Structures are given as structure tokens and as C-alpha cells.
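Enquirer: This is the structure I want to talk about, given as C-alpha cells.
The values are calculated or read from the model by the stated rules, or taken from the named source; none is laboratory data. What you see is a predicted model; the values in this text were computed from it and never measured. Here the Cβ is made from the backbone with ideal geometry for all residues, glycine too, and neighbour counts use every protein chain on show. Note: areas computed on protein heavy atoms with side chains; ligands, DNA, RNA excluded. Shrake-Rupley method; radii C 1.70, N 1.55, O 1.52, S 1.80 Å.
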Amino acid sequence: FNNIISPLLTSLPYMYIKPLLTVFSFFLRRLGVELGKSVVYQEANRETRVDVKESVRGQDIFIIQTIPRDVNTAIMELLVMAYALKTSCAKNIIGVIPYFPYSKQCKMRKRGSIVCKLLASMLAKAGLTHIITMDLHQKEIQGFFSFPVDNLRASPFLIQYIQEEIPDYRNAIIVAKTPSAAKRAQSYAERLRLGLAVMHGEAHHSESDMADGRHSPPLSRTTTGHTGLELPLMMAKEKPPITVVGDVGGRIAIIVDDMIDDVEDFVAAAEILKERGAYKIYIMATHGLLSADAPRLIEESAIDEVVVTNTVPHEVQKLQCPKIKTVDVSMILAEAIRRIHNGESMAYLFRNIAVDD
């Protein structure tokens, strides 16, 4: 096990390169190996170029790729790197992608596309033979791939943080921000032996139903003897005002989710919980994308602390908002790398992990 090849992302500003190298150093220090010799850069016309500086023939290669803000560039670097290793006769090419990009686009919405499936096909075509990731947005995404996917869980680390860093956590209640997050919240509540609350009626704007295809035939066409299909009248969905099912008065509210990107919904949820009597509000999420003005909005909100793992670089956001805290999950990722290389069972890494986690 001599090689961990990783894109250096030399095209990114230094402030983004530094946290990426910090993530890599966690792996290298825990595994006791050196970083493989490779260079990834962009030509003058912004084409991605990869140079592998040592022989990889017949070896297991692990590409460690965290996803910075420039998602599409990171994906292209990963694809080009994997194809370079494939054509250099590497035995196995394993992608270590803690946050899998485009995972929210895993369902068909009107005339959109399932981009997550497209990305899975591209990775297989480029030469990847295995993927290690963490907390996929939907566990069913594993079915998009034609090779093994190890979907690790961050919940043991976040639960440990709750137990060790939140004073009087026994007076806490686990909150699901949406009904769809109730299963994850229930898993946390059962393992921590805490109560559960569910928020309903979040202020999402439903998709417009104006262009629903009812007038899709061209107007120039004329049909005779057919007046069209008469469908039953469908009642439009109306979301009620935000309500909380469960008593949060005088409690510590802990909202759990798989990722936190745009924080407007979390800020609105925190305001409602404050109105209902919660005296402290924590947010626990695996992937801290924290896009746009997220640090400023968190700092100005009723949220007391946002706890995320280091699957995504967010050092810049931490400098802007002291409320953001980081939990290190490099231990389980490094152990997954070691076990895969040695052909050991991965079941140990999933012990005591609930199905709904």
C-alpha cells in the first residue's frame, strides 16, 4: 500500500488549498503513508491536466477528493485522474469522496434529469472500481453504481459530540426540520434516549403548476372526434404555517440533518423553536457546505452552534462565524481505506448503525 493519489487542486486560491491539504494530512498521519506523486492543474484555456509522477502498475490507488466550492472543476479533476490511473494499469482505483456531489439531484423533477445517476456512470466509465463516501443524501443512490459503494456514517461522531460537548444534553430534544428527516432524527433520539419533535409546514415554495403539459400538443394540430382526456380535479397542495409536533419548551433543541447548505430554512426553524420556548438551539449535520451568506446568517440568527464534520472544507466559513464547530471523521475513512486494501470486512465500521441513519 504505497500510493494515495490526490488532486492538489492547484487552480484554487491558497485559502482553499490549505484546508484540503489539512484533510489529506489526517489520512496520511493515521495510515502512516506518504502522499503519491501527482500533479493536477489547469491549462491556459482551463482544460484539466493530470501528471502521475510514479509507477502505479498493479497497485491499489486511492483518490482522495473533497469537494470545494468549484464542484464541476473538482469532478472533472477526479474523472481525469481516474482515467489517467486506468490507462497506467492500476489494479484497483478507489475514490474516497466523503461528500458525493449532485446527490440532491437523485430524483426526476418534471423535465429535469437524475444527474446523480449520470455522475455515477461517468465515474465507472473513467475507471473507478470502488467508492468510499459518507451519508449519501438518499441511501438508494448506491443502486446507481455498477461497482461497490461503502456509505459510511457520521452519526457516531456527532452523537459523541452531543454527549461530551453539550452541557445537560439529557434535557435536550432531537428535532426533525422536515417530516422527511424524521427517521434520521428518530435514530438519534433512540440512541441518545431523548425525546423527538418534528417540524411541519416549512416555508418552501412548491413548484409552479402552470406549465403542467395540459396544452402540450402543438396548436396547429387539429383532432376530430376526440375532446381530450377529462382528469379528476386535483386539489392544490397548501402548506400550513410552521408547526412543531412535540414539546420543546425549556429544552435544548438539536436539529439533525445530512447537510447544511442554504441556511434560511434552519434560521426560520430556529426562530420558531425559540418562540416555542427552546432556550438553546444546535444544528448537527454531516456535510457543512455553508454556501453564499450562510456564515453571516448563522451569526445573526438564534442558532447557538452549528456542528459539521470535515467532509467538506469550510475553514473560511469558520473564520467568518465562530458558531461553526468541526468534528473530525478522518478516523473512520482511514480505517475504511486500510480494510479495503487488506481485504478485511467492513462490517465493523457499521456496528450499531441503524437502518434509518
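Residue-by-condition table, conditions (1) open to solvent by 10 Å² or more (accessible area, probe 1.4 Å); (2) within 30 Å of residue 80 (Cα to Cα); (3) in a strand (DSSP E or B); (4) out of contact with any Pro (no Cβ under 9 Å at 6 or more places or on another chain):
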| site | (1), (2), (3), (4) |
| --- | --- |
| 124 | yes, yes, no, yes |
| 151 | no, yes, yes, yes |
| 162 | no, no, no, yes |
| 183 | yes, no, no, yes |
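One line per residue, one yes/no per condition, for (1) assigned by the TED database to the domain that holds residue 268; (2) open to solvent by 10 Å² or more (accessible area, probe 1.4 Å); (3) under 30 Å from residue 118 (Cβ atoms):
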position: 146; (1), (2), (3): no, yes, yes
position: 165; (1), (2), (3): yes, yes, no
position: 169; (1), (2), (3): yes, yes, no
position: 172; (1), (2), (3): yes, no, no
position: 189; (1), (2), (3): yes, no, no
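Enquirer: Which strands (runs of 3 or more DSSP E) sit wholly inside the stretch 238-357 and have at least 1 residues that are among the aliphatic types (A, V, I, L, M), closer than 30 Å to residue 131 by Cα and open to solvent by less than 70 Å² (accessible area, probe 1.4 Å)?
Expert: 252-260, 280-288, 305-309, 324-327
Enquirer: Listed residues 63, 141, 132; which is β-branched (Val, Ile, Thr), closer than 24 Å to residue 288 by Cα, part of a helix (DSSP H, G or I) and not assigned by the TED database to the domain that holds residue 289?
Expert: 141
Enquirer: What number of residues within the stretch 319-330 are of a type outside the set (Asp, Glu) and within 18 Å of the chain's Cα centre (by Cα)?
Expert: Within the stretch 319-330, residues that are of a type outside the set (Asp, Glu) and within 18 Å of the chain's Cα centre (by Cα) number 6.
Enquirer: Cβ-Cβ distance below 9 Å, separation of 6 or more or different chains: which pairs start in the stretch 263-289 with a residue that is assigned by the TED database to the domain that holds residue 173 and on the phi > 0 side of the Ramachandran plot and end on one that is in a loop (DSSP other than H, G, I, E, B) and open to solvent by 10 Å² or more (accessible area, probe 1.4 Å)?
Expert: Every condition considered, the pairs that remain are 277/247; 277/249; 277/250; 277/251.
Enquirer: Between residues in the stretch 338-357 that are in contact (Cβ under 8 Å) with a residue 60 or more places away in the chain and closer than 25 Å to residue 256 by Cα and residues that are among the aliphatic types (A, V, I, L, M) and surrounded by 14 or more Cβ atoms within 10 Å (Cβ to Cβ), which pairs lie under 7 Å by C-beta distance while being six or more apart or on different chains?
Expert: Close Cβ pairs satisfying both conditions: 349/152; 349/332; 349/336.
Conditions (1) more than 19 Å from the chain's Cα centre (by Cα); (2) open to solvent by less than 30 Å² (accessible area, probe 1.4 Å); (3) more than 24 Å from residue 290 (Cα to Cα), marked per residue:
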site: 67; (1), (2), (3): no, yes, no
site: 74; (1), (2), (3): no, yes, no
site: 92; (1), (2), (3): yes, no, yes
site: 96; (1), (2), (3): no, yes, no
site: 116; (1), (2), (3): no, yes, no
site: 120; (1), (2), (3): no, yes, yes
